[in-house]
1. Taking the Cα centre of each part, how many Å lie between region 36-115 and region 1-19?
2. Given the Cα-Cα distance of ASN11 and LEU67 and 0.36 nm per residue of separation, how much length would full extension add, in nm?
3. Helix 57-76 versus the longest principal axis of the chain: what is the Cα-based angle in degrees, 0 to 90, to the nearest 10?
4. Using bins 10 angstrom wide from zero, how does P(r) for the chain break down, in % of all Cα pairs?
5. Please list, by residue number, every one of the GluC sites (Glu not before Pro) in region 41-115 that is coil in DSSP and has at most 13 other beta-carbon atoms within 10 Å.
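Bear in mind these aren't lab numbers, they're just calculated from the coordinates by the rules spelled out. Keep in mind it's a predicted model, so treat the numbers as computed, not measured. No Cβ is skipped: glycine too gets one built from the backbone with ideal geometry, and neighbour counts run over all protein chains shown.
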Amino acid sequence: MSDCIFCKIANKDIPAKIVFEDEQMLAFHDLEPQAPVHVLLIPKKHFASLNDVTQSAEDKEILGHLLTKVHEIAEILELDNGYRLVSNCGEDGMQTVQHLHFHLLGKRKLTWPPG
Ligand code: AMP
Ligand code: ZN
């Protein structure tokens, strides 16, 4: 999508501090980190949120691929003591960027429940 900030990052139209990239996904540091490590994992395909993901073989492949890469990215980031993966969805979820993303947070003891 042309006016989507994360599509622009995926297309390299705007810069980001990338930690992992392959043909289907990208991981980059959040601009406003909420933990010592705060990275965003996005599929390169535009989905507005998890609500946009279908049962198609393509969507299952993309989401399955992304989720099975999480532990590799956690290893790159040396999150050896654990981490949290979260996706905010819609208004109540406090989603602010309308391109599906997963927050990967770590390197501090995270509190539960989130606010
Ligand atoms: P959410 O509120 O769950 O939609 O998360 C959006 C996240 O994107 C926030 O944590 C923002 O700090 C982050 N963010 C927004 N724009 C950028 C950007 N250009 N580069 C990196 N992170 C961004
Ligand atoms: Zn997008």
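1. Answer, in whole Å: 16.
2. Once the chain is fully extended between ASN11 and LEU67, it gains 18.0 nm.
3. 30
4. 13, 47, 35, 5
5. On the way: sites: GLU58, GLU61, GLU72, GLU75, GLU78, GLU91; in loops: GLU78, GLU91.
Filter output for region 41-115: GLU78, GLU91.
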